[in-house]
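Each value in this text was obtained by applying a stated rule to the coordinates, not by laboratory testing. Remember, predicted model here, so these are calculated numbers, not experimental data. Heads up, the Cβs are rebuilt from the backbone with ideal geometry, glycines too, and the neighbour counts pull from every protein chain shown.
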Amino acid sequence: MIILDKQYVSRELREYLAESRVPVLRNEAALAAAPEGTFNLVSDEEADALLARGDRIYTSCENSLSWVLRHAPDQGLQKGIALCKDKAAFRSMLSSIYPDFLFREVSVDELEDIDFSGLKTPFVLKPSVGFFSVGVYTIFNEKDWKKALEDIRLHSGDWKKEYDESVVANTRFILEQYIGGEEYAVDFYYDGEGKAVIVNIFHHEFASADDVSDRLYCSGASIIREHLQPFTDFFNRMNEKMGARNLPIHLELRVDGGRIIPIEANPLRFAGWCLTDLSLHAYGFLTYDYFLHNVRPDWDSLLKGKEDNIYSFIVLNPPTCLKPSDVFNYDRLCASFHNVMELRRIDYHTGPVFGFLFTETPASDRAELDHILRSDLTEYLD
C-alpha cells in the first residue's frame, strides 16, 4: 500500500499506481493527484485490514507518518519509525557502534542560553526531527552560531506550517560533531528477515565545506560498485539494534577513511522530492515497486553499459534575491547540459524550488555538474 501526500507526487508515481493497481489510501492528496477511478483507492478501514495481514506500506512524504503510527499494528514497524525520525534516539541507538561520537540534545529555549565558548567547533545544529536540510546549520565559529539562532527565530514558524510535526519539529535540536568525508544518500529496505536491500546510492556533492544544500546528487556504476557491499554490511549491523522488518529507509551518511557514519535516517520512504526516481532514469526500475514486491536489484545486469556516465539529480533552488517579476528560463538551463533526461518544473511562485533536473553526463567531462553545483541560478533569470 502507498500513502500519497500533497508535498509532491511525480508523474511516474501516478502512472505506476494507475497501472499496477497497488492500493492507495484514499485521502486529499490521492484524490487531487488523479481523477476518481484512476487509482485503487482504499478507505482507512480497508487500509487497516491490509496492514493487519502484513502488507508492506510506503509513503511518498513523511507527512503521512502520523497516520501510520496511529494505524499500524506492527510494534516493530512503529519502533523502527520512531528510532529513525528522532535523531537523538537514533544517535543513542548507534552509541555502541560509535562510542566516541559526540552529540547533545537541547530544547529551542535552551539554545539561547548556551555558552558558545564551551562548544567544540565545527559542529552541526539541526532539529531532532527534520527533513530536506530544513533547519540544518554547520557551525564553524560564533558568527555562524548567532546567524543560525537568528534564522531559527525567524523561520521555525514557517517550518511548522509547511511540514507535519512528525516530519520537522522546531522544539528540540541536536548539536553533534561535524562529520567529515564524502556524503552519500542511500535508498534501501529491510526485507521480511531484516536483511538490507539497497536500491539507490547517490553521492551528495557540495560546493564548499559549509554548504548544506541539496543541489546535486550523482549516481553511476562506479559509485554503486564501490559502496554496495560495505553499505549493505553496515545496514545489517545497524539492524541488530533496530530489529526492523519490511521497512523502507532513506539514509544519509558520510564515509571518512573507510569509516561509515550515519547522519540521519528517514523511514517509510525513499529519497524525497522525487530524487528516488533517478533509479528509473539511470537503471530502468522504480525503487518503490521493488520494495513493495520484495525485489532485489540485479546490479551486475543493471549497471552493464553504464560505466562511462554520471546520472544526476539537480535541485533548482532559487536565489535569495529572487523577485516576484523574475522569470526562470528553463530552455537556457537545459541547453547547458549534455543530456537532460527529464525536467520537472515546479511553480516557484508558490513552491520552494524552480524544479528538478535529471541528467546524463559523460564521466570524462563533468564541467556542467561542477558549474551547476556552484551557480546561484541568477544566470537563468530573465
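In this calculation the C-beta distance from D100 to W299 is compared with R0 = 45 Å, giving a FRET efficiency of 0.85. Using only side-chain charges placed at the Cβ, +1 for Lys and Arg and -1 for Asp and Glu, the dipole size of the chain relative to its Cα centre rounds to 560 debye. Only helices enter this figure: runs of n ≥ 4 DSSP H residues, each worth -39500 (n - 2.57), summed and divided by the residues of the chain, yield -9500 deg cm²/dmol at 222 nm to the nearest 500. Fully extending the segment from T378 to T232, taken as 0.36 nm per residue of separation minus the present Cα-Cα distance, adds 48.5 nm. Full extension of the chain between K147 and H338 yields a length gain of 64.9 nm, computed as 0.36 nm times the residue separation minus the alpha carbon distance. In order along segment 362-379, the Karplus-derived 3J(HN,Hα) couplings, from 6.51 cos²θ - 1.76 cosθ + 1.60 at θ = phi - 60°, round to x, 4, 7, 8, 9, 4, 5, 6, 4, 5, 5, 4, 9, 6, 8, 6, 5, 5 Hz, and Gly and Pro are given as x. Rounded if a/c is under 1.5, else prolate if a/b is larger than b/c, else oblate: which is segment 182-380, with a ≥ b ≥ c the root eigenvalues of its Cα gyration tensor? Taking the square roots of the gyration eigenvalues as a ≥ b ≥ c, segment 182-380 is prolate. Projecting the Cα atoms of Y137, N294, L373 onto the charge dipole of the chain, computed from C-beta unit charges around the Cα centre, puts N294 farthest toward the positive end. In segment 182-380, taking the dipole from charged Cβ atoms about the Cα centre, the farthest positive-side position among L303, I198, V255 is held by I198. Zone of R14 (label point 7 Å along Cα→Cβ, backbone N under 11 Å): which residues in segment 306-346? Counting backbone N atoms under 11 Å from the label point, the list is empty. Taking the average, over residues, of other Cβ atoms within 10 Å as the packing measure, peptides 266-272, 81-87, 293-299 rank 266-272, 81-87, 293-299 from highest down.
Among G272, I314, V42, which residue has its Cα positioned farthest towards the positive end of the charge dipole of the chain, with +1 placed on the Cβ of Lys and Arg, -1 on the Cβ of Asp and Glu, and the dipole taken about the Cα centre? Among G272, I314, V42, the one farthest towards the positive end of the dipole of the chain is V42. Bridging of K195 to lysines at a Cα separation below 22 Å is possible for K79, K85, K241, once same-chain residues fewer than 8 apart are set aside.
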